[in-house]
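Engineer: Can you read through this structure? Questions will come right after.
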Amino acid sequence: SSSGEECSHATFPPPSRTSSSRMAAIVALAPLLALLPAISGASVGEAHCGSSSGEECSHATFPPPSRTSSSRMAAIVALAPLLALLPAISGASVGEAHCGSSSGEECSHATAPGDDELGLLQRARLVAHSGLPEDGSPEADTSGDDFGDRTFRNAAAILRRNIGWIPLAGQAKSDSECRMESDEDCPLRKMAPGNVTDVVPGPRYGTACLNSSSPYYFQVRRRASDKLLLYFQGGGACWNNRSYHENLCTQSTVPGDLSGILNATDLQNPYLDYTLVHVLFCSGDMHSGNTTQPWGPDGEEVQIRGYNNANSAVQWSLRQFKSLSHVVFAGCSAGSLGVQMWSELIQQEFRGRTEKFTTFADSFAGVLYPPSLVQPAQAFLYDVWGICGLPLLNGAENELCLSGKLLLQEHFLLAMKDSEESEFAMINSKHDVVQIEFARAFIATAMHSIEGATMTAAEYYKYWNLEVQKYVKVDNFDVYAVDGLHHCFTPMQIVYTTTPQGKDGGGNGIILSDWMTGVASGEAARFVCEGPLKEVTADGPAFLNPRYCDQAIAEAVD
């Protein structure tokens, strides 16, 4: 009533949650709130929006990047210890849902604290859990203290709770094995239709897994001879000794269940009659590396051979398929990154062999934070994985790679521009917890950045939208955005239930599998998203509730 603004968004906890003990915690927290002016750049009580400021309060926002100076980060750091009191205030741990699908309560408003969307207070909470240097300096080098270690452990624990990104739930049983000692071995015509064959490339391909006791192989399920589904499996990433020993990437060939669009019996599957080439993943390098690293016991070298592994499957496919009506190239998680890295070369290899080519990058866009670290962070990975100089990149790109200036997003965009006759698409949750936690763990331990290691869901979704804004400028790119935090859709049965409102469906939006069919025919909506339109800009705020849709993307596809 004092502001004339309708309270349709963030609210205090309802009265039932404000017990005397919680009030005591609020009182204890109060002295530290004097730090909020330094965090937000405004005095306590000063309006950033509403009738007193002239700005419409259609959402809650973070301060824009210009307000997050080192002094404000210092204030966040100072505030962090008292944030341990937040569970007492709200009656819930940070990240626990008070409403939505996981609680059964309709989300008619946001409660405090909420779904990883607490803005600056949430960042302070993350800092508190990560263990800063005793001097609390956000500029301190965190490589030798507890900060990176605790951030990494927190992220790894969350990733393990969301183990859907590692295909361990069940293993696809193969019907036979074939060893490819020469180009003439393992021809498709000799494989029984419908059966799954494990194809083991010979030594000449230089294939290997991080686990040296696990031989590399890819899988083939023979169906139509003129339709190919080339699928890159997911399975995390390893970028240093710690991530390797904490098993943040699959290190052996683990096929997983052939579900979703890989399912061989579900009549809903639009690719049911396509021959499947399932490129397994055991190298920790987005299917793209070719080097060794001393991550084994006593500094023993481990093989990072994602490029060789994938290339063995690609070259086998090129020998088998001379004339195709359709190629679908897809992957989820690390496989999505692999799809983006391989798209330019794959398009070149199959040009003239197929009437249609469709690419799907599912659930990993490579969002890193803050923006100033994106280029050095990607350069770090290209160096660790030995990507520079490989045929995946053209001459100019290899020069950029060697100079530390290559961006995966620009490389993927080049593939779209060079193959205007093909269709490209991205599938992504607005609050993908696996992508967020991988980014936090990587930035904490590789770039030693407090700001990046505490990237919030709102910041993640903002910079995902800014990436997609670049992609939709080309006419052959489509995007499907899903509410929620789920990771990977295409290799799971939820591909047949997911709508823009979530993996369990709902609303009037098109089902994901139906949209994918439309992408191939050029008849799909170019931007599928449900929620209010918001203006997302590089220097603008990161909206707290990642259920909106980007206005610039919507306008670009009209």
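Engineer: Does A481 fit the bill of being out of contact with any helix residue (DSSP H, G or I) (no Cβ under 8 Å at 6 or more places or on another chain) and under 24 Å from S333 (Cβ atoms)?
Structural biologist: Judged against the criteria, A481 is a match.
Engineer: Just the residues that are of a type outside the set (A, V, I, L, M, F, W, C) and within 14 Å of the chain's Cα centre (by Cα), please, taken from segment 443-479.
Structural biologist: T456, E459, Y460, Y461, K462, Y463, N465, E467
Engineer: Can I ask one more? Going by what's in this entry, would Y244 be described as among the aromatic types (F, W, Y) and over 22 Å from the mean Cα position of the chain (by Cα)?
Structural biologist: no
Engineer: For segment 362-409, give me the residue count where each residue is out of contact with any strand residue (DSSP E or B) (no Cβ under 7 Å at 6 or more places or on another chain), on the phi < 0 side of the Ramachandran plot and either assigned to a loop (DSSP other than H, G, I, E, B) or among the hydroxyl-bearing types (S, T, Y) (or both).
Structural biologist: The qualifying residues number 18.
Engineer: Same structure, new question: I need a count of the residues in segment 283-303 that are touching a Gly at 6+ places or on another chain (Cβ under 7 Å) and of a type outside the set (G, A, S).
Structural biologist: Here the count works out to 6.
Engineer: Any residue in segment 328-347 that is on the phi > 0 side of the Ramachandran plot and without any contact (Cβ under 8 Å) to a residue 12 or more places away in the chain sitting within a Cβ distance under 7 Å of a residue that is open to solvent by less than 10 Å² (accessible area, probe 1.4 Å) and not in a helix (DSSP H, G or I)? List the pairs, counting only those 6 or more apart or interchain.
Structural biologist: No pair meets every condition.
Engineer: If G395 satisfies all but one of (1) open to solvent by 40 Å² or more (accessible area, probe 1.4 Å); (2) touching a Ser or Thr at 6+ places or on another chain (Cβ under 8 Å), what's the number of the condition it fails?
Structural biologist: Answer for G395: the failing condition is (2).
Engineer: Would you confirm whether any residue within segment 515-538 is open to solvent by less than 20 Å² (accessible area, probe 1.4 Å) and without any contact (Cβ under 8 Å) to a residue 40 or more places away in the chain?
Structural biologist: yes
Engineer: Here is a follow-up. Report, by residue number, each residue of segment 355-386 that is open to solvent by 20 Å² or more (accessible area, probe 1.4 Å) and without any contact (Cβ under 8 Å) to a residue 40 or more places away in the chain.
Structural biologist: E355, S372, V374, Q375, A379, D383
Engineer: Anything in segment 539-550 that is assigned to a loop (DSSP other than H, G, I, E, B), acidic (D, E) and surrounded by 22 or more Cβ atoms within 10 Å (Cβ to Cβ)? List them, or say none.
Structural biologist: Of everything in segment 539-550, nothing turns out to be assigned to a loop (DSSP other than H, G, I, E, B), acidic (D, E) and surrounded by 22 or more Cβ atoms within 10 Å (Cβ to Cβ).
Engineer: Go over the candidates D257, D183 one by one and state the one that is in contact with a helix residue (DSSP H, G or I) (Cβ under 8 Å, 6 or more places away or on another chain), of a type outside the set (S, T, N, Q), open to solvent by 40 Å² or more (accessible area, probe 1.4 Å) and in a loop (DSSP other than H, G, I, E, B).
Structural biologist: D183
Engineer: In addition: So in segment 287-316, with the set limited to residues that are closer than 19 Å to C388 by Cα and of a type in the set (V, I, T), which one is surrounded by the most Cβ atoms within 10 Å (Cβ to Cβ)?
Structural biologist: Looking at the filtered set, the residue picked out is I304.
Residue by residue, here is whether (1) surrounded by 23 or more Cβ atoms within 10 Å (Cβ to Cβ); (2) in contact (Cβ under 8 Å) with a residue 60 or more places away in the chain; (3) out of contact with any Pro (no Cβ under 6 Å at 6 or more places or on another chain) holds:
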{"site": "G404", "(1), (2), (3)": "no, no, yes"}
{"site": "F412", "(1), (2), (3)": "yes, yes, yes"}
{"site": "E420", "(1), (2), (3)": "no, no, yes"}
{"site": "I450", "(1), (2), (3)": "yes, yes, no"}
{"site": "T456", "(1), (2), (3)": "yes, yes, yes"}
{"site": "N465", "(1), (2), (3)": "yes, yes, yes"}
{"site": "I494", "(1), (2), (3)": "no, yes, yes"}
{"site": "T497", "(1), (2), (3)": "no, no, yes"}
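Engineer: Only one of L485, L512 is within 27 Å of R160 (Cβ to Cβ), open to solvent by less than 30 Å² (accessible area, probe 1.4 Å) and of a type in the set (A, V, I, L, M); which?
Structural biologist: L512 is the lone residue from the list that is within 27 Å of R160 (Cβ to Cβ), open to solvent by less than 30 Å² (accessible area, probe 1.4 Å) and of a type in the set (A, V, I, L, M).
Engineer: Looking only at segment 448-481, count every residue that is of a type in the set (A, V, I, L, M, F, W, C) and more than 30 Å from R150 (Cα to Cα) and tell me the total.
Structural biologist: 6
Engineer: Here's a follow-up. Anything in segment 329-347 that is open to solvent by less than 10 Å² (accessible area, probe 1.4 Å), in contact with a helix residue (DSSP H, G or I) (Cβ under 9 Å, 6 or more places away or on another chain) and either of a type in the set (D, E) or in a helix (DSSP H, G or I) (or both)? List them, or say none.
Structural biologist: Result: A334, G338, V339, Q340, M341, W342, S343, I346, Q347.
Engineer: Return the residues of segment 294-313 that are modelled with pLDDT of 95 or more and in a helix (DSSP H, G or I); say none if nothing qualifies.
Structural biologist: G306, Y307, N308, N309, A310, N311, S312, A313, listed by residue number.
Engineer: Now for a separate question. With the condition kept exactly as written, say whether any residue in segment 453-468 is touching a strand residue (DSSP E or B) at 6+ places or on another chain (Cβ under 7 Å), assigned to a strand (DSSP E or B) and of a type in the set (V, I, T).
Structural biologist: no
Engineer: In this structure, does M447 turn out to be in contact with a Leu (Cβ under 8 Å, 6 or more places away or on another chain) and not polar (S, T, N, Q)?
Structural biologist: yes
The values are calculated or read from the model by the stated rules, or taken from the named source; none is laboratory data. All figures in this text were calculated on a predicted structure; none of them were measured in a lab. All Cβ positions, glycine included, derive from the backbone under ideal geometry; neighbour counts span all protein chains shown. Keep in mind that these areas ignore ligands, DNA and RNA; they rest on the heavy atoms of the full protein, side chains included. Shrake-Rupley method; radii C 1.70, N 1.55, O 1.52, S 1.80 Å.
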